[in-house]
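Notes for the one structure printed next.
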Amino acid sequence: MPITYCDQSRTFHLDTVNTTYVIGLSPEGYVGHIYYGDRLFGEVDNSLLRMEEKPFTPSVNPGNKGAFLDCFPMEYPTGGIGDYRESCLDVQGPSGSRGCELLYESHQIFAGKKKIPGLPASFGQEDQVETLEIVCRDQVLGLKAVLSYSVFYKEDIITRSVRVENQGAEALRLTKVYSACLDMDNEEFEYITLQGSWARERHIQKGKVAYGRQSMSSVRGESGHQVHPFMALVTPGTSQKQGRVYGMHFVYSGNFMAQVERSQFDTVRMTMGILSDEFSWKLEPGETFHGPEAVLVYSGEGLGRMTRNLHNFYRNHMIRSSYCHKKRPILINNWEATYFDFDTNKLLDIAREAKEHGIEMLVMDDGWFGERNDDTTSLGDWVVNEKKLPGGLKYLVDQVRALGMEFGIWMEPEMVSPDSRLYREHPDWAVQIPGRTATQGRNQYVLDLSRQDVVDYVFDSICKVLRSADISYVKWDMNRQMSDLGSALLGRDGQQELFHRYILGVYELQERLTAEFPDLLLENCASGGARFDPGMLYYSPQIWCSDDTDAIERLAIQEGTALIYPLSAIGAHVSVCPNHIVGRVTPFETRGHVALAGTFGYELDITKLTEEELSQVSEQTAMYHKYNDLVREGDYYRIASWRENGLYDCWECAAADGSEILVTYVQVIAQPNVRSRKIYLEGFEAQAVYELEGAGHRYTGEQLMKYGFLVPACAGDFVSRLFHFVRIEG
Ligand code: GLA
């Protein structure tokens, strides 16, 4: 049994294959955190909550309750009663004052996992996941909080969420509801987060955990380019293979907070949840608020193990799409090829040439609807522009289908242009504050998806488009951050609910869309990679990773992204050089190798490529078919990081049974007068014999892992090599 309760010691043990999480109860019923780390096979009792040390528990020493609360390792701390570290739950009672105290009441353990109403969340069969629900109560407020822990045994993952129910007679106001907390002794922890900007998303950042609070958050209404809803605490010297790693990842696409706080007693409290700025929620008697899920992962074997656990978990328990384990069609997208300047003939020219070279789907990007010839107009008017596409969508799509290709389309359903029929008819459907000129971002407003009528309109608009032709794929974009938070319907008391209600509206739309069109391949996107989060993965098996398609910048972006997301989810394309964002010129081959570590596709005008480039496209599309199963389903090993060494990048995709391994090596900067470079490979069967394809050399797995593999010296910056090892004996 992964979850057990020991009545005598008042402890819960949550076991996965390699990890254990222990929760203990104090005599009063405070729910405390005892342990998270390498698997324990014996009992642990609640004396490890250190209740025998001063200041003792309140039942023994009521006069020093505050001192106790301020050092007790809480599973789910509450605000206003004497724990001065970051709280997870803040509640304003009927008197208007803030204070909440949760004490254990009961618990239940059951096979499987419940859904979280309205929110994306992981899932699993009854033999894959077991759940513990600890029911706590605040007697004064009449508030019940259920702390939920789901244990995914095989993947070494524990997910947490909370639901809060008002069982009192008067309305309560929730001003903060976080999803997870981890209170531990400090071990000179360092934190790892993912930071960036547009076109340079999710670069890995490391820092020392200092006294006080180190917070990463987004108040932009999206998970965002700048920060990512992920944090890991690692012990000093942690590498890919060594070190203790505690990761937390948030299954949510709106404002979030990920924080670590080092206390006066050298403990750390790591918390994650919906950002409390701009959030409050009125909870009427009988109502329940559901917090989003947080994913917890522990690895005692460095970052590599954390990465592979998360990859397996997301592939098996978060991505619902039937495409998750399937090869996706190789697509060509016309955005960088034409921007807004295209018509049916241009698209068909691209499609014909693409088809010749093994590309399987044409994706028509922004600019096909309303009067949209630049980004100033028409969002919301999802009616085809017949000046560009005479005969409409159906004609174009039928032509593309007749070539033997699939067709995909871009939409930005959450937005409205001030210059649109929709906005002229329904100005109150935009998020804005009465009396203020709302701030525009990319010349647009955000639709108020907290309103059911707006959600229904958007859903109908998408359905009409998708029913009008044989469309296999949608790129769902979202190109501005939110501001001017005002909703025409939420009233004075409800405006602070808008951010969360908005995201619930987005989730409802994607839920309905994927239910209505189960075979649709959905790719989420937000100005590149601003909505790359686990919440989106629940609806779409792939997410556009960044508008930056430069192969070298992508090394850093994809390294950070692949730290926590499977390669099968990473939208990656080959584009032309000089690269449109950074102006860099890289070999066509390198661009192909880097895009191979993702969904793979093209973002260029294929009719303008040289003969040599065209023949490389044919080789690359064949390469994709040869390796995609391995890339999509294999174990990922990060071998070297050019961000760290300044010279070269290297990663591997290894079949779980060790039968084949694909190594991608990119020499970013060439050095003069050097010999071959040794790299230590991983994931091989030690005693098996492997052949390096194309070279005829044979190696034992042991040699490649212990002695290493010698990458021949080569000339040139930005050049790349694939090394494919196939097991031939053992
Ligand atoms: C965003 C996307 C791009 C492209 C444009 C179209 O920036 O990230 O890929 O679709 O919008 O306007």
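The values are calculated or read from the model by the stated rules, or taken from the named source; none is laboratory data. Quantities reported herein were computed from a predicted structural model and do not represent experimental measurements. Don't worry about glycine lacking a Cβ; one is built from the backbone with ideal geometry, like all the others, and counts go over all protein chains shown.
Brief remarks on what is shown
- A single entry from LEU40, LEU14 fulfils the requirement of being part of a strand (DSSP E or B) and closer than 24 Å to LEU233 by Cα: LEU14.
- Under the condition of being more than 16 Å from VAL151 (Cβ to Cβ), in contact (Cβ under 8 Å) with a residue 40 or more places away in the chain and either in contact with a Pro (Cβ under 7 Å, 6 or more places away or on another chain) or charged (D, E, K, R) (or both), the residues counted in the stretch 16-52 number 2.
- Some residue of the stretch 384-398 being within 16 Å of the ligand (Cβ to nearest atom), hydroxyl-bearing (Ser, Thr, Tyr) and over 26 Å from TYR627 (Cα atoms): no
- Output for the stretch 430-477, where each listed residue is in contact with a Lys or Arg (Cβ under 7 Å, 6 or more places away or on another chain) and either among the β-branched types (Val, Ile, Thr) or crowded, with 22+ Cβ neighbours inside 10 Å (or both): GLN444, VAL446, SER450
- Apart from one condition, PHE56 fits all of (1) part of a loop (DSSP other than H, G, I, E, B); (2) among the aromatic types (Phe, Trp, Tyr); (3) within 29 Å of the chain's Cα centre (by Cα); the exception is (3).
- Counting only helices (runs of 4 or more DSSP H) that sit wholly inside the stretch 274-380, those with at least 1 residues that are more than 16 Å from the ligand (Cβ to nearest atom) are 302-317, 344-356.
- Odd one out for LYS626 among (1) free of Cβ contacts under 8 Å to residues at least 24 places away in the same chain; (2) of a type in the set (D, E, K, R); (3) closer than 18 Å to PHE718 by Cβ: (3)
- Of all residues in the stretch 699-730, those being assigned to a strand (DSSP E or B), more than 14 Å from GLN671 (Cα to Cα) and not small (Gly, Ala, Ser) number 13.
- Residue pairs meeting the criteria (Cβ under 7 Å; at least 6 apart or on separate chains; first at pLDDT below 95, in the stretch 362-391; second assigned to a loop (DSSP other than H, G, I, E, B) and away from the ligand (no atom under 12 Å from the Cβ)): none
Okay, residues lined up against (1) of a type outside the set (A, V, I, L, M); (2) touching a residue at least 60 places away in the same chain (Cβ under 8 Å):
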residue	(1), (2)
SER148	yes, no
ALA171	no, yes
ASP185	yes, yes
GLY196	yes, yes
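- Considering the stretch 469-484, and only residues there that are of a type in the set (A, V, I, L, M) and more than 13 Å from LEU447 (Cβ to Cβ), the residue that is farthest from the ligand (Cβ to nearest atom) turns out to be ALA469.
- Across the stretch 231-270, the qualifying residues are those that are within 27 Å of TYR507 (Cα to Cα) and among the polar types (S, T, N, Q), and the one among them that is surrounded by the fewest Cβ atoms within 10 Å (Cβ to Cβ) is GLN259.
- Among residues of the stretch 495-523 that are in contact (Cβ under 8 Å) with a residue 24 or more places away in the chain, those with a beta-carbon under 6 Å from a residue that is surrounded by 19 or more Cβ atoms within 10 Å (Cβ to Cβ) and of a type in the set (D, E, K, R) at least six positions away or on a different chain give the pairs GLU523/LYS475.
- Filtering the stretch 188-206 to residues that are assigned to a strand (DSSP E or B), touching a Ser or Thr at 6+ places or on another chain (Cβ under 8 Å) and within 19 Å of ASP266 (Cβ to Cβ) leaves only GLU190.
- Top-ranked residue of the stretch 62-83 - restricted to ones that are in contact with a Cys (Cβ under 7 Å, 6 or more places away or on another chain) and not in a loop (DSSP other than H, G, I, E, B), ranked as farthest from LEU102 (Cα to Cα): MET74
- Looking at PHE517, PHE532, just one residue is surrounded by fewer than 18 Cβ atoms within 10 Å (Cβ to Cβ) and within 28 Å of ILE570 (Cβ to Cβ), and that residue is PHE517.
- Here the condition is being surrounded by 20 or more Cβ atoms within 10 Å (Cβ to Cβ) and closer than 26 Å to MET478 by Cβ; of VAL383, VAL416, it holds for VAL416 alone.
- Test: residue in the stretch 661-668 that is in contact with a Ser or Thr (Cβ under 8 Å, 6 or more places away or on another chain), among the hydrophobic types (A, V, I, L, M, F, W, C) and assigned to a strand (DSSP E or B): yes
- So ALA640, is it surrounded by 12 or more Cβ atoms within 10 Å (Cβ to Cβ), within 26 Å of SER568 (Cβ to Cβ) and touching a strand residue (DSSP E or B) at 6+ places or on another chain (Cβ under 6 Å): yes
- Test for SER483: is it on the phi < 0 side of the Ramachandran plot and surrounded by fewer than 20 Cβ atoms within 10 Å (Cβ to Cβ): yes
- Restricting the stretch 643-670 to residues that are among the hydrophobic types (A, V, I, L, M, F, W, C) and in contact with a Cys (Cβ under 9 Å, 6 or more places away or on another chain) leaves a set whose member that is surrounded by the most Cβ atoms within 10 Å (Cβ to Cβ) is ILE661.
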